[in-house]
Amino acid sequence: MKLLITFLLLSLLKIGIAQENFNLDTLQPNQVYENILAEPIYVNENNSYFVIWIKKSVKSHKHKTHTETITVIEGEGIMTVGKKSFTIKKGDFFEIPKNTFHALKVTSEIPMKVLSIQTPIFDGTDRVFED
């Protein structure tokens, strides 16, 4: 019984700590940036969460060890994932499988703003740019 109560208390504590509240529509960059600004907003044992603003483009690159999911919050662009290119805009959601080259060209007047969730945790060491 003590084990069950301890487990429940620890679970409630984790839930209480894990809950963050962000309004992604109103979140703004906290510094001046030339092309790309990535702001971490949350990390847990499995994922990294970033809001990323892109003014012009993202060079073609891949992540050897993690998957990335993207939700577009603002802006429009042409996304290339592998050999497929498609238009992305506010409300769109898609996945970039690990070890898959991807790139973006912003086509809107305003910067693109996306929520990027990367699994497992992103530390920058597995990014490889395409020549």
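The values are calculated or read from the model by the stated rules, or taken from the named source; none is laboratory data. These figures come from a predicted structure and were not determined experimentally. Ideal geometry is used to build each Cβ from the backbone, glycine not excepted, and the neighbour counts take in all protein chains shown.
Side notes on the structure shown:
- Selected residue [surrounded by 16 or more Cβ atoms within 10 Å (Cβ to Cβ), of a type in the set (Ser, Thr, Tyr) and either at pLDDT 95 or above or touching a Lys or Arg at 6+ places or on another chain (Cβ under 9 Å) (or both)] from SER116, SER108, SER85: SER116
- Listed by first and then second residue, the pairs with beta-carbon distance under 6 Å, at least 6 apart or on different chains, first residue in segment 100-113 and farther than 15 Å from LYS90 by Cα and in contact (Cβ under 8 Å) with a residue 24 or more places away in the chain, second in a loop (DSSP other than H, G, I, E, B) and not β-branched (Val, Ile, Thr), are THR100/GLY82; PHE101/GLU130.
- Test result for VAL58, surrounded by 14 or more Cβ atoms within 10 Å (Cβ to Cβ), among the β-branched types (Val, Ile, Thr), touching a Leu at 6+ places or on another chain (Cβ under 8 Å) and without any contact (Cβ under 8 Å) to a residue 60 or more places away in the chain: yes
- Segment 1-59: number of residues that are over 25 Å from LYS90 (Cβ atoms) and modelled with pLDDT under 90: 19
- Members of segment 26-43 that are hydrophobic (A, V, I, L, M, F, W, C) and under 18 Å from SER57 (Cα atoms): VAL32, ILE36, LEU37, ALA38
- Residue match in segment 62-74 (condition: in contact (Cβ under 8 Å) with a residue 12 or more places away in the chain, touching a Pro at 6+ places or on another chain (Cβ under 6 Å) and surrounded by 18 or more Cβ atoms within 10 Å (Cβ to Cβ)): yes
- Where a residue in segment 35-53 is without any contact (Cβ under 8 Å) to a residue 40 or more places away in the chain and surrounded by 16 or more Cβ atoms within 10 Å (Cβ to Cβ) and its partner, wherever it lies, is among the hydrophobic types (A, V, I, L, M, F, W, C) and not in a loop (DSSP other than H, G, I, E, B), with Cβ under 8 Å and at least six apart: ILE36/ILE52; ILE36/TRP53; ILE36/ILE54; ILE36/VAL58; LEU37/ILE52; LEU37/TRP53
- Among the residues making up segment 75-98, a single one is among the small types (Gly, Ala, Ser), touching a residue at least 24 places away in the same chain (Cβ under 8 Å) and either in a strand (DSSP E or B) or over 24 Å from LEU24 (Cα atoms) (or both): GLY77.
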